[in-house]
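Colleague: Quick one: the structure is below, questions incoming.
Just so you know, all these numbers are worked out from the coordinates, no wet-lab data involved. These numbers come from a predicted model, not from an experiment. Virtual Cβ from ideal backbone geometry, glycine too; neighbours counted across all protein chains shown.
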Amino acid sequence: MVPEFKASRHADPSSGEPQAVVASHRTIARRAASDSLADAIDVLGRAGATERLPFVLGPDGSYDSHLNRFFRELPEWGVKSENGIDGYCSDIALICRFLHEARGGKSIWQVDGADLRAYKQARLFAANPDDRIKESTWSRAMAALDKWVRWSLYERLLTKEPFRYVDKTVMTSQGVKQVRVIAEAEVDWHRAPITFLPYEDYLLWRDVGLLGRLPDGGRDPGWRGRNCQRNALFADLVVCTGMRLGEASSLLVPELPPLAPERGDLHLSAAVVKRHRSRTVFMRRQVLRELHHYLGIERDELVQRCRVAGAYEICGDHLTVRRASRQALVVDGARRSWAYSAIDADQRRRLMSVDSQGRSAGPLWLWLGEDGQPLRSSTWQSAFRRANERCARFGIDFEVHPHTLRHTFAVHMLGLLLRQTIRAMGMQEDRHFTLAQIKRMLIGNPMRKLQLLLGHAREETVYAYLDVLDEAQEIVLSALAEWDDQAAVLDRLQVPTAEVAR
């Protein structure tokens, strides 16, 4: 493994002191040029130093073996997704940087309650509003810090909790429970409002930002964007299923449902979803047709071109696949077939299908870049950012992220739930309901359905969308043919009997 710099600042030659304090890097596995290098990479792999594993270096280039072992062992502590590990590493690196720059050169092993309170003031209540972070960002940082504390106590690297914890009562699927949380994690402010798009606004953002059209729908002769159809299809998939970025970006070709008269059911593997809670999402017929069109034409042409150019030569890093179905695949050298539920995102990127003669037939990863290689989540984030910038040039002020589309799905599906409930009760759909009336109608089985679709651990998590319904009933209850067609999804969801009574 060799380091790939992810983010760093350079030293000021005149001062002789490094301006960067904690730099975050990644490892890259390169093809071995000698047997000794191959052995070294194998040793690192057995130690858990996988490809693109984030690690942190100090201002003098020092490597804290204990802190970086924490990042390697995060999957064993419940943080298994690449995005999750990246986020935790980034959050811990920022805390380390703050301690060095603003707290007298301290290391994270010397942090105390006063340091954490100072960090909270700097991050949440900075004098410049542009320097302040959101509540969700702070919550993730505290989750990362708490995970580090728990791990360090378990490994006996800390003798006690370095700052104050408080007991908090929370509602879980097993009932009311008491949990201990970092005191400074609590913030006395209102939760930021959920951001979503009315469906008409989503179509405008997609057509202008991703497809390169003009706001009036006409063709823009100056548009030079590439992969626009692929990017728009990805956005359509997210907005019609509510998948998270990591879930939608790590799909495999064999997992896609076949073209059929009915809407396609797509099972999301436990290995790539949050908290390993597998679930089923439902694609619209039009999106499923477009996906098969992408597979059969655009993606297939790209794969064939890259095969001819030798881009898919089998190497030691590949997992060669002989056969694959919608449930499992057969990998060379494995004693039994692999279920998708056991294949994480890193392994999925390495899956390479081969024909009967053992010749490479291309990656199984669904979304490919121009070089024919699997796309990472960061590519989609960049595509959305470019789409926002293009829309802004036309005066379309939308700040859309992949998670915005997940919220859009949730809000519109909640609107459909309300509409179905109103119809079942024989009430008029055009009347305006108060928030209290909406809650009485929806809390329980309907909200449990939305929870199943979104893959949340607790039903209470989706209650936040009720406030949006109260504020924008005209939007979410508008008669959109696309969402009326999607309403059949709700009838197909089976809520476990044991959970209905909760």
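Colleague: Obtain the nm distance between the two label points defined at residue 118 and residue 137 by a simple spin-label model: each point lies 7 Å from its Cα along the Cα-to-C-beta direction.
Modeller: With each label placed 7 Å out from Cα toward Cβ, I get 2.1 nm.
Colleague: Quick one: P(r) of the range 126-172 from all Cα-Cα pairs, 10 Å bins, percents rounded to integers, in order of increasing distance.
Modeller: 21, 38, 30, 12
Colleague: Roughly how many whole Å is it from the C-alpha centroid of the range 87-139 to that of the range 351-426?
Modeller: Centre-to-centre (Cα) distance: 32 Å.
Colleague: Step through the table entries 134/168; 80/274; 80/147; 274/449; 147/274; 160/274, compare each Cα-Cα distance with 20 Å, and write down the pairs that go over it.
Modeller: Values: 134/168 22 Å; 80/274 8 Å; 80/147 13 Å; 274/449 18 Å; 147/274 16 Å; 160/274 30 Å.
Flagged as over cut-off: 134/168; 160/274.
Colleague: Taking all pairs of different Cα atoms in the range 68-221, averaging 1/r and flipping that mean, what Kirkwood radius in angstroms comes out? Walk me through the numbers on the way to the answer.
Modeller: Numbers: mean 1/r = 0.0539 Å⁻¹.
After inverting the pairwise mean of 1/r, the radius is 18.6 Å.
Colleague: Ranking request for peptides 332-341, 122-131: highest mean number of other beta-carbon atoms within 10 Å first, then the rest in descending order.
Modeller: Packing proxy ranking, top to bottom: 332-341, 122-131.
Colleague: What order do you get for 384-393, 241-250, 201-210 when each peptide is scored by the mean count of other beta carbon atoms within 10 Å, highest first?
Modeller: Answer by packing, highest mean first, reads 241-250, 201-210, 384-393.
Colleague: Taking Cα centroids, how far is the range 253-317 from the range 179-246 in Å?
Modeller: 21
Colleague: To continue, here is another question. Please identify every one of the GluC sites (Glu not before Pro) in the range 287-374 that sits in a loop by DSSP and has no more than 12 other beta carbons within 10 Å of its own beta carbon.
Modeller: Answer by residue number: 313, 370.
Colleague: Distance in nm between label sites at residue 399 and residue 179, each 7 Å beyond Cα in the beta-carbon direction?
Modeller: Going from the residue 399 label point to the residue 179 one covers 2.7 nm.
Colleague: Related question: How are the alpha carbon pair distances in the range 69-146 distributed across 5 Å bins from zero to the largest one, expressed in percent?
Modeller: Computed distribution, short to long bins: 3, 14, 25, 24, 18, 12, 4, 1.
Colleague: Kindly state, to the nearest 0.05, the FRET efficiency for residue 314 paired with residue 425, given R0 = 60 Å and r defined as their beta-carbon distance. Show your work: numbers first, answer last.
Modeller: Details: r = 61 Å, r/R0 = 1.01.
My answer for the efficiency is 0.50.
Colleague: Taking θ as phi - 60°, what are the ³J(HN,Hα) couplings along the range 327-343 by the Karplus curve (6.51, -1.76, 1.60), each to the nearest whole Hz, with x for Gly and Pro?
Modeller: For the range 327-343, the Karplus curve yields 9, 7, 9, 10, 9, 4, x, 8, 7, 9, 5, 9, 6, 4, 5, 9, 10 Hz.
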